[in-house]
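Working notes, structure below.
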Amino acid sequence: MRKLLLMMVTVLLAYNAQAQTYPLVSIDSIQYIHPDTLLLGKTLSPKLGDTVRVRGLVIFNPRFHALSANFKGSYLVDTNALATNNWKGLLIRLPAIADSSATNFFNNFQPGNIVECTGRVSEFQDASPISGETQLDLIPVATQVIGFGTPPAPKPVQINTFMQFDPNDPAVPQKIQKTTGEQYEGMYVEIPNVFVTGVSTFGGGRVSWLVRDASGSEMNVRDVSQFFRPPFISSTASNPPNPFAPVFVQQGKAFAYIRGVITETNFGTLYPRYEIVPLLATDLGPVTAAPPFANAIVLNPAVPSTGTSVTVGARIEDLDGSVSSAKLFYAVGISNTVYDSVTMTIAAVDSFVGTIPGAALTQNGAYVKYFIKATDNDNNVSITPDTSFTFSVFRIVNGGINKVEQLQETPYPSGRSIYDGAVLDNLNIRGRIMSTLSTNDYSRIVFQDGRTPWSGIMLRPDNFGTTDIDIRQRGDSIQITKALVVEDFGITTLEVRAYNFIGTGTPYAPVNVPIDSIIARRYAFTEGYESMLLQFNDVFVVNQNPDAPSNFGEFSIYPDSTATAGLRVRGGVALSSPDLGQNFNVDSLTAGQKLNFIRGILTFNFGNWKIQPRNRSDVFGFTAGGSNSSVAEMLTNARVNKLYPNPNNGSFKVELVLERPETIELGVYDLNGRLLFSQRVAGNAGTELINIDQQQLPAGMYMLRLSGVNSLQNSRFIVR
C-alpha cells in the first residue's frame, strides 16, 4: 500500500510540475504593441505562438457566442489598473468543443469569475500577414476559478479612434487607425449617439451593418453573439428570430449608444478595419429616431443600352409615421460627384418608382451611380445606400451581357458584382463546365468562358428546379441565357434559370499565375482569377496543417522548401472535394514533399485566398477515387442527358447517353442519403429513355444517382 501511495504521489507531483511549465503572463503583455511597430501597420502579438497561462475577469457568457457549433469563445479583461490603462482585453477561444470537459470551459467562464486558463497565442484572420485579431486558443488543460469580481463598465470612445472617413478615397473610404485603436482590441467599449448607415445580408442568415457617430466616421458591427439577425430583431439561441416581429436594425435608424468588444478583421478584398462586437441584446441602446427604410430596389432594365431609360423601383416604409417624399439621385461615371435627381412617385402602398431618362445615358460602358433619399413626416431622412461608404451602380452595355467578366468585374475593390441580387434575362454567355457536383469532383459547379482574368464564376441550380445544370459534366459546353446573380459568402455565383446545352468537350487548361501575388492578395491576381482553374508547378508542402491544433483539411504550398508559410490549399471539408477527405493533408502528404504540379479552383474563405483541388487527380502523384483516370475521363461513358419534368410528382423520364454498352444502376436517394428506390439498366451505346414512377414520394428534393463500373453521376430533382 505504501508503495502504491508513493507511486500516486510521484505521478501527481510529476503532473503538477508539468502543468507549471507554462509561464503565467498578463493580458497586456500579450496585447501591447510598441508605437513604432504600430506606425508600420503591424499588430501581431509579441507572444504569437507561445503557450502561456493567463488570468482575467470573464465579461461574456460563451454559450451565446460565435456562429460555429464547434468553436466557442469568451472575453477576459485584466483586473489590474483596468480603469486607467488599455491593452487589457483578450478573446479566449475553445478551438474544439470536445475539449470543453478537459478545460471545464462552460462552467468556469461565467461573467464575474476570475479565471486562470492555458492556451496558445494566435491571430485570427491574419490575412496581411502583419495583423489580425489576437486570441488565446485553449489547450486541454483545466481552467480554475481563482476569484470573483464585477465586470467593468464599458469605456466611452468615438469611432474616429478606430476608423476615419476619407472623402478623397472612394476605394477605401474608412481608414483604419492602428496607432489609436489597437489598444482597445478585446476591450468592452461604448459609442454614444450612433445611427445605421448600411445594412446587408450574406450567407448563413447573417447581417452586416455599419454605424456612424458624431465624429463623422463609421465602423462595421460584427454579430458573433447572434443577437442581430434577419429580420433584424433581438434574439437569443433559445429565442430564435420571429419573422413577423418589427424591424430592429435598419438603415438610418438612430440609437442612444452601441456597446461591444473591439476586434480587428480583414475579410476578402475589403480594406482592413476595426469592428465592434455587441455581446448582449441590450448592447444596442434605445431608438432615438426612425427614418424611412428603403429596400427591395429593382432596376428595369438591369442592363440598359445607350439611350434607354431606367426605372428604379423601391419599397419605402416608415415604421412610426409616413413617407412624405422620395427622390432618386444619379450620376454618370464613378468619379462624378455631381448628381441629378428625379422625384419618385407612389406606384402602390409603400412602393415608389423613379425614372432615369435615357437622354442622360449616352456612353456605352459607363457606370451610373444612384441612391434614394427618403424623408418622413418627422423630417427624418435616410439615404440608401449611404453615399460615403459605397454606391449602387449599373452599367450601360450595348448588346447585353455576353461575357463572364461583365458580371465579375467591378469598379470597387470589394469584388462584389454590381448585379448582386438581380435576375438577368438577356444573357448570352457561352463557356465550359470546369467542375461538377459528381461524387469524385469539387461538389461545386464552376464555369469558365476563357482563360483570361474575370473568366470564371460559380454556378448553382435554381431553387425552383426549372433547370438541370447540376447534371452537367466537366467539359460540357453550355450557353447561359438567364440567371440570378448572388454573392455566396463573397463568391460571385449564378443561380442558373435557363441555359442551352451545346455539346460535350474538355475543360479549359489551367492558368499559371505568380504564387506570391495570390498570397499577398494583389487585386489583379486574386479577384480577377476568382473561380478559375489555376496550376502551380514545382512546389513543396511547407505546412501540413496551418490551422493546428484544429484540422480543416488544409495545407500550404510554396516553391521554396525551406519556407514555413505559403498558399493555402483547401481540403475536404464542407462545400469542398469529398475525394480529398478532411485528413488528406496529414494522412496522404508529408512535410517537405515536392509536388510537380497542383491545380485547383481559386476561392476565398476564412480570411485567405486558396485553391481547391477538384479531386486527388489535381494533386501530383494521386488519382481520383482510386482510379488511374481523372474524373473527367472516368465519368464520360454513361450520363444523364435530361431528367424531365422537373419538378414532377414522382413520375419522370430519364434520358441516358452511353458511349459504349454498360450495366448501370439508377437510385433515388433522399437528402439524408437513404436509398428509396433502385433500378438496374442494361444500357446499349446511344440513347436510352427510362421511365421512373415513384408517385408515393412526399414533396421535397431528391437525388438520382447513376452508377456503374465506368460511370458515376448525381442529379437533383424536386417532387411537388
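Just a few scattered comments:
- Label-to-label distance, nm, for residues given as Thr79 and Asn336 (7 Å Cα→Cβ offset): 6.3 nm
- The stretch 418-633 - charge dipole about Cα centre, Lys and Arg +1 at Cβ, Asp and Glu -1, debye rounded to 20: 300 debye
- Estimated inter-spin distance, Asn364 and Thr564, nm [label 7 Å along Cα→Cβ]: 5.6 nm
- In the stretch 637-719, taking the dipole from charged Cβ atoms about the Cα centre, the farthest positive-side position among Ala699, Tyr644, Leu689 is held by Ala699.
- Straight-distance candidates among the lysines for linking to Lys642, with alpha-carbon spacing under 18 Å and chain neighbours fewer than 8 residues away dropped: Lys653.
- Separation of the stretch 304-371 from the stretch 465-483 is 34 Å, based on Cα centroids.
- FRET efficiency for the Glu665 to Val423 pair, using the beta carbon distance and R₀ = 56 Å, is estimated at 0.90.
- Anisotropy class of the stretch 418-633 from Cα gyration tensor, a/c 1.5 cut: prolate
- For the stretch 497-521 and the stretch 113-163, distance of Cα centres in Å: 41 Å
- Percent RCO, i.e. relative contact order, over the stretch 18-148, from Cα pairs under 8 Å lying at least 6 residues apart: 28 percent
- The length gained by stretching the chain between Ser29 and Ala685 to full extension, at 0.36 nm per residue less their Cα-Cα distance, is 228.9 nm.
- Two-decimal log10 I(q)/I(0) for the stretch 268-370, as the Debye equation yields it once each C-alpha is a single scatterer, q = 0.10, 0.18 Å⁻¹: -0.44, -0.96
- In terms of its alpha-carbon gyration tensor, the stretch 468-518 comes out oblate; a/c meets the 1.5 threshold, while b/c is at least as large as a/b.
- Extent along principal axes [Cα atoms of the stretch 637-719; Å; largest to smallest]: 35, 22, 15
- Shape category assigned to the stretch 415-472 from the gyration tensor of Cα positions, a/c cut at 1.5: oblate
- Paramagnetic reach from Thr288 in the stretch 177-197 [backbone N under 18 Å; point 7 Å along Cα→Cβ]: 189-197
Values in this text are rule-based calculations from the coordinates and carry no lab data. Everything numeric in this text was worked out from a predicted model, so none of it was measured. Note: ideal-geometry Cβ built from the backbone for every residue, glycine included; neighbour counts use all protein chains shown.
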